[in-house]
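The values are calculated or read from the model by the stated rules, or taken from the named source; none is laboratory data. Because the structure is a prediction, the values reported are computed rather than measured. Here the Cβ is made from the backbone with ideal geometry for all residues, glycine too, and neighbour counts use every protein chain on show.
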Amino acid sequence: MSEISTAHPAPARMSRLFANADFWRLWYAGLVVFVVRWLETLAVAVFVYRATGSPFLVAMMTMLRLLPMGLFGALLGAVAERIERRTAQIGVIALMGCTSAALATLAYGGHLSVWQLALASFINGLGWATDNPVRRVMIGEVVGSHRMGVAMSIDVGTNNASRMLGPTVGGILFATVGVGGAFALSVLLYATSLFAVIGLRYRNSQGQRDGGSVLMRIRDGVELVRHDRRLIGTLTITVVYNVFGWPFTSMVPVIAQDRLHLTPEWIGIMASMDGVGAFIGATVIALFVGPRFYARTYLAGVTSYMIMLTVFALVSQPITAGAALVLTGIGGAAFSIMQATQVYLAAPPEMRSRVLGVLSVCIGIGPIGFVHLGLLADAIGAPWATATMGLEGLLALALTFRWWRVILSREAPA
């Protein structure tokens, strides 16, 4: 990781970020996307479960937001190098805002159905799939590689902490004004995000300088990953997390309603608890974790996440369940921050968009886990299915040790 500098302490690196207007515009755009994602995920989950009574269909709604990463992540990473990223970000936000506006209109007209929510989830998933190769590459370029770890701590941490706000607001809106209110708020938030991105001074011109077809770019990105053991190790852990860990979030509303017997407002509060943990974790990482400990933090985050989601699934007291979700949030923040940072720093500058596109594909493998969890939940119930996934995740980490151990032996020097 030759680009990492340890000469600048975290407070100094953070002070420079505070003066970077483009970073904060990109940060806010990402924050809105994550707040809306959690707000809508909660509202959609409650709506679908009440309409169908099927945990499997609830899991499928979340899965559809993730599916475009697996299908188009590498393609979007290659295309991102051929276009002006600010323009692409504006288009993505406009697309997602129009989708939420259509859902709000259908809901207020009394015509909203499950298949429309499924289609909208997939469309918004396309927008989410561009986040790594477009917005986060822009963040790296406007702050510089030596501040990337701190920038990702702030970006990922606050975005994950949006789970404190999104689900709570989604639950309250669902209980008071219905699902249409959740989508109407999404439209308003997207409008503010669009305003922020339009004000970006950042422009990239790499797409005009570089040649090669999109397919060649995809091939080059995959080949780079195949021959870099650090990237293989990092992406192996990414796959384990997204297949066995991440899908459990779709079962939180189901477990909160059926096992913990909570109302929609309290379901939203329960679902926000891992956001509390994410905020705590991100703050600690930004202030105290330097490059020397990036890989260890990454692995510890995934391991603790698997353990605590299992605990959440098996306890029957809301306070204990909430505490377990706080701890999953801390682990999830460690994973998310270090995932993007490790991949960005390991890839050559000219290859970052396409390698982050490959990362999106690895994240997009998650639908396998959602299908697995959904079928298990229909067969043995959401709590036992979720606990099973956590234990399977720990087993998968143990079985893939040979591929990810290299990242622990190649930490950045002090």
Checklist entry - Can you find even one residue in region 211-223 that is over 24 Å from the mean Cα position of the chain (by Cα), crowded, with 22+ Cβ neighbours inside 10 Å and at pLDDT below 90? => result yes
Next on the checklist: Can you pull out every residue in region 252-267 that is surrounded by 19 or more Cβ atoms within 10 Å (Cβ to Cβ) and at pLDDT below 85?
Outcome noted: Pro264
Checklist entry - Of the residues that sit in region 108-138 and are free of Cβ contacts under 8 Å to residues at least 40 places away in the same chain and in a helix (DSSP H, G or I), which one is nearest to Gln342 (Cα to Cα)? => result Ile123
Checklist entry - Here are Thr238, Thr234: which of them is modelled with pLDDT of 85 or more and either outside any helix (DSSP H, G or I) or more than 19 Å from Thr62 (Cα to Cα) (or both)? => result Thr234
Checklist entry - Cβ-Cβ below 6 Å, separation at least six or inter-chain, first residue in region 193-204 and modelled with pLDDT under 90, second assigned to a helix (DSSP H, G or I) and of a type outside the set (D, E, K, R): which pairs? => result Tyr202/Met138; Tyr202/Val142
Checklist entry - Could you say whether any residue in region 381-401 is out of contact with any strand residue (DSSP E or B) (no Cβ under 9 Å at 6 or more places or on another chain) and at pLDDT below 90? => result no
Checklist entry - Given (1) modelled with pLDDT of 90 or more; (2) closer than 30 Å to Leu75 by Cβ, where does Thr249 come up short, assuming only one miss? => result (1)
Checklist entry - With region 347-414 as the region, which helices (runs of 4 or more DSSP H) entirely inside it contain at least 2 residues that are free of Cβ contacts under 8 Å to residues at least 60 places away in the same chain and within 24 Å of Leu325 (Cα to Cα)? => result 367-380, 382-399
